1. Any idea of the accessible area per residue across the range 69-143, 1.4 Å probe, to the nearest Å²?
2. Using the per-residue mean of other Cβ atoms lying within 10 Å as a proxy for protection, in what order, highest first, do the peptides 73-85, 167-179 fall?
3. For THR73, enumerate residues with amide H under 5 Å from its amide H, sequence gap 5+ or separate chain, H modeled in the peptide plane.
4. Per the 1.4 Å probe, what fraction of the accessible area of the range 53-184, in percent, lies on carbon and sulfur atoms?
5. Could you compute the net charge surrounding ALA166? Neighbours are other residues with a C-beta less than 12 Å from the C-beta of ALA166; K and R count +1, D and E count -1.
6. In what sequence, highest mean first, do 148-158, 128-138, 43-53 appear when ranked by Cβ atoms within 10 angstrom?
7. Which one, THR140, THR73, VAL125, is farthest towards the positive end of the dipole of the range 72-184 when Lys and Arg carry +1 and Asp and Glu -1 on their Cβ?
Amino acid sequence: MRGSRGLWLTFALAIAAALIVVPIGVARSRTPAAPPSSQSSAALPAGWAAYTAPDGSFQVTGPTQVRSSALTTGIGPARRAEFGDGTLSVTWLNAPVAGTDADALAAGKASLLRPLVGRVADEEVDLVDDGHPGFGLLITIEGTSYDVRLFASNGRLFQVVGQAPAGSPQVDDAIRFVDSFHLG
């Protein structure tokens, strides 16, 4: 039980981070990231490469060490890919409601961000990826910056999370990872 609560909290914080786009004190560009396949390998940190989900639903650029897992969330079963030391991740699952992508995004925000109620985000922004609605959140909790994005696409929700100690150099890698995410 304790382990599932920890996974739920991590999942919720990740979604919250996707809703926050810029950590306090860290400037962030609003220009869309280039698709991972067109990024210059010279601009990538050592040990980073493009990753495509096994089902082809998204692509992201991050550390080449990837751990995949299945987990259970409050809204159903999900898949997760954790990169490097696990501070960078993508979680995807079927949306909890039928309808438009906008409906699915609203339901995902309501259910997945519930643990963040009462917390103040550093930044919130509406996003679009290839015509699919998204939401970005940047929040700092207990000294950790979370850059979280939530997207809805064709009946599925995608949560992208980058976390790092607030003000640390690793914040740049978290931003680079989250910015590189693109729906398939």
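The values are calculated or read from the model by the stated rules, or taken from the named source; none is laboratory data. These numbers were taken from a predicted model, which means no experiment stands behind them. In this analysis, Cβ positions are derived from the backbone assuming ideal geometry, glycine residues included, and neighbour counts consider all displayed protein chains. Remember, those area values only see protein heavy atoms, side chains included, never the ligands or the DNA or RNA. Shrake-Rupley method; radii C 1.70, N 1.55, O 1.52, S 1.80 Å.
1. Details: 3580 Å² over 75 residues.
Averaged over the residues of the range 69-143, the accessible area is 48 Å².
2. Numbers: 73-85: 17.0, 167-179: 19.7.
My ranking of the peptides, most packed first, is 167-179, 73-85.
3. Long-range HN contacts for THR73: ALA78.
4. Numbers: 2740 of 5600 Å².
Carbon and sulfur: 49 percent of the exposed surface of the range 53-184.
5. Working: positive: none; negative: ASP122, GLU142, ASP147.
Net charge around ALA166: -3.
6. On the way: 148-158: 23.5, 128-138: 18.7, 43-53: 14.5.
By packing density, highest mean first, the sequence is 148-158, 128-138, 43-53.
7. Ranked along the dipole, the leading option is THR73.
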